[in-house]
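Asks: Below are the structure tokens for one structure; questions will follow.
The values are calculated or read from the model by the stated rules, or taken from the named source; none is laboratory data. All values derive from a computational prediction rather than experimental measurement. Glycine gets a Cβ as well: all are built from the backbone with ideal geometry, and neighbour counts include every protein chain shown. With ligands, DNA and RNA removed, areas are computed over all heavy atoms of the protein, side chains included. Shrake-Rupley method; radii C 1.70, N 1.55, O 1.52, S 1.80 Å.
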Amino acid sequence: MEMLSNFVVPFLEPRLLGLVALGTFAGIYVGAIPGLTVTMATALLLSLTYSWEMLDALAMIMGVYTGGVYGGARSAMLLNIPGAPASVATTFDGYPLAKRGEAGLGLGLATVMSVTGGLIGTMFLVFFAPLIADFALAFSHRDYFLLALMGLMLLGALSGGSFLKALFVAFLGVNIGLVGLDTITGTPRFTYGTLALAQGINIVVAILGLFGFSEVLMQLANRRKSEVVAQVGRLFPPLRLVVRLLPLVVRTSVIGVFVGALPGVGGEIAALLGYDHAKRTVKQPSRPFGEGAFEGIAAPESANNACIGGALVPMLTLGIPGDAVTAVIIGALVIHGLNPGPTLMINTPELFYVVAGSVFLAHLMLLVFGFLGIEFFRRLVTVPPGYLLPGITLLTVIGAYAINNDVTDVVWSFGFGVIGFLLRINRVPVAPMVLGIILGPLLDESFRGALIAANNDPGTFLLGFVSSPVSLVLSTVILLTVLANLGVFKALRRTGGG
Amino acid sequence: MILRRVSLSLLFVAISVFLLLSSLAIDTKGAAFAVSPRFVPFGLSIVMMGLALRALFQDFRSPDGPAGLDGPAWRSILGFGAVVAGYLALMGTVNFHLLTFGFLMAAFFYLGVRSLPRMALVAASLVASEYLIFEYAFHVRFP
């Protein structure tokens, strides 16, 4: 009962309610603008709320966090530029849907599914936090390696008919992700003696180029051929569609919660795994995946918002950040004299439930602000190319620059844009490269970490895949996916049938 | 025709050779090969070379390739690319907001917009938004 009373504090306290609302509203716009990250916004907020009451500061930060994760979907769907890495998977079906003249429905669906995923994630946070924390702690280097491999399985869904070239591009992405100083030994890799490359290539810079600038070049190349879809369609998704997608959304939300709970693994991987899950399990999608399937929007959007609840679990129960934003929030707790870690829940249990209540409230606010803002955003698709293309280019420039306040990043971004354009005119998708850049560092570090943990003995390393329950489950899923991708099950059914 | 068909896979072969040579230059810091920072990039470049050669073989045998772009499409891209290159080249030498305004006006004009007051209004609005959101609210220091 006491738990419930703390949970509803943000709903009943007008000051907290207002701060959550303000944070959510601001977060949506921060998330929608490429280059402005939720981490940047929460860090800035930390300095602004330094002298505030602890709960006031946390309420606003939770609002920005929630709104920011959701906001990235808007530019992803309307401009093919993910506002944040967590929205990369939303472009796969969101942008084709907008091009079909159904931008309003896509944004509406993303809003409903983000809210659903977020609420499921918060419920997991409230009721199963200790269980999820145990699960996260049970993850070894080997399991992170398997998780990265699972993410790479998505390649089959993104290859667009040219699997060989898509695989090449994905591996190229992995190598690009490894540019910079090796995190284990500090050895420079692919830096060619330049300082600019030593810090690595920022994923946002690559995404802005590969999706944003390459889209500008594609539109320039097809200007005489393409018809501008100046309609945006309906706004609210039909109830029947929402109900039909609900079982999928529940599954992808659970994926999001557990991925979010893993330290160092964020919403981008949750969304990619969610999309992959939808691609593999939905036998009859509303439309083919990659051509505006509703399932391709619902899955990543629910997974990345559910990730918030998951990321808060290790932060609140163990004092370990689940992602960059929760690392900043830990800073906020320390500034306000609290000691993040297992004692936090013992000494200040009310804080845990107020945070969970704020996230829950922020998701409900999303429903209001999300739909109110769609009308403004969806008009973007009706802007004539003469104005839109320079606007996207400017967004790419500013977004890339704002990451490190460095013009070199802008040049990199345009370089990625040209690469993306050359790939796309040769019918090779760019998404596998982004997949590689995201998963590359995780794959490399976890593989080597697992091998070091096995005393560099290949036998012990391989035995670990079946001796640990988590590894066994992940290995089995990967094996089944590979077999399914190779068509083994279909062949077996054919053999059995006749 | 054959060259156009195989150009991308040829580029892939060149990239994989370059990456292979680059990965060989990575210092292993005396660590065992499998746990050294060289292992993953080296292994990947070997696999990439195999994939690139296989793609080259397939493209060589395939009767049709991507349609490619015609002259006007390339001209349109190169012209816009020149405007963007000029914008990047002048960054740091001219006031960023003025430069951005100039870039937007030039880009609008290049893409066929001819209403000068409207162009100026849209460009000014975008520059003002960029200033208020990035520089004023988020303290981004532009060059």
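Asks: Identify, from the list A:Leu149, A:Leu137, A:Leu131, the residue that is more than 28 Å from A:Ile28 (Cβ to Cβ), without any contact (Cβ under 8 Å) to a residue 24 or more places away in the chain and surrounded by fewer than 21 Cβ atoms within 10 Å (Cβ to Cβ).
Replies: Unique residue meeting the criteria: A:Leu131.
Asks: Still on this structure: Among the residues in the stretch A:311-322, are any under 22 Å from A:Leu16 (Cα atoms), open to solvent by 10 Å² or more (accessible area, probe 1.4 Å) and aliphatic (A, V, I, L, M)?
Replies: no
Asks: A further question on this structure: In the stretch B:95-113, what residues are more than 9 Å from chain A (Cβ to nearest Cβ) and part of a loop (DSSP other than H, G, I, E, B)?
Replies: Of everything in the stretch B:95-113, just one residue is more than 9 Å from chain A (Cβ to nearest Cβ) and part of a loop (DSSP other than H, G, I, E, B), namely B:Asn95.
Asks: Identify, please: which residue in the stretch A:408-428 is at the interface with chain B (Cβ under 9 Å from one of its Cβ atoms) and open to solvent by 40 Å² or more (accessible area, probe 1.4 Å) and is, among those, nearest to A:Tyr29 (Cα to Cα)?
Replies: A:Val411
Asks: Now a separate question. Residue by residue through the stretch B:58-78, note down the ones that are surrounded by 14 or more Cβ atoms within 10 Å (Cβ to Cβ) and at pLDDT 90 or above.
Replies: B:Ile77
Asks: Which numbered condition trips up B:Arg54, out of (1) open to solvent by 80 Å² or more (accessible area, probe 1.4 Å); (2) more than 9 Å from chain A (Cβ to nearest Cβ); (3) of a type in the set (Lys, Arg)?
Replies: Exception for B:Arg54: condition (2).
Asks: Give me the helices (runs of 4 or more DSSP H) completely within the stretch A:1-60, filtered to those with at least 2 residues that are open to solvent by 70 Å² or more (accessible area, probe 1.4 Å), ordered by residue number.
Replies: Hits in the stretch A:1-60: A:2-7, A:14-32, A:38-48.
Asks: When you check B:Ser62 against the structure, is it facing chain A (nearest Cβ under 10 Å), touching a helix residue (DSSP H, G or I) at 6+ places or on another chain (Cβ under 7 Å) and among the polar types (S, T, N, Q), yes or no?
Replies: no
Asks: So, in the stretch B:31-51, of the ones that are modelled with pLDDT under 90 and surrounded by fewer than 15 Cβ atoms within 10 Å (Cβ to Cβ), which residue ends up farthest from the other protein chains (Cβ to nearest Cβ)?
Replies: B:Phe33
Asks: So, in the stretch A:190-210, exactly how many residues are open to solvent by 10 Å² or more (accessible area, probe 1.4 Å) and in contact with a Gly (Cβ under 9 Å, 6 or more places away or on another chain)?
Replies: 9
Asks: Among the residues of the stretch B:115-143, count how many are more than 9 Å from chain A (Cβ to nearest Cβ) and not in a helix (DSSP H, G or I).
Replies: Summing the residues that are more than 9 Å from chain A (Cβ to nearest Cβ) and not in a helix (DSSP H, G or I) in the stretch B:115-143 gives 1.
Asks: Considering the stretch B:107-143 alone, what residues qualify as being closer than 24 Å to A:Asp406 by Cβ and buried (at least 19 other Cβ atoms within 10 Å of the Cβ)?
Replies: B:Ala107, B:Leu126, B:Val127, B:Glu130, B:Phe134, B:Val140, B:Phe142
Asks: For the stretch A:403-434: of the residues being touching a Pro at 6+ places or on another chain (Cβ under 9 Å) and assigned to a helix (DSSP H, G or I), which is farthest from A:Leu152 (Cα to Cα)?
Replies: The residue in question is A:Val407.
Asks: If you don't mind, there's one more thing I want to ask. Across the stretch B:7-30, what is the total count of residues that are at the interface with chain A (Cβ under 7 Å from one of its Cβ atoms), part of a loop (DSSP other than H, G, I, E, B) and either within 23 Å of B:Phe60 (Cα to Cα) or among the hydrophobic types (A, V, I, L, M, F, W, C) (or both)?
Replies: 1
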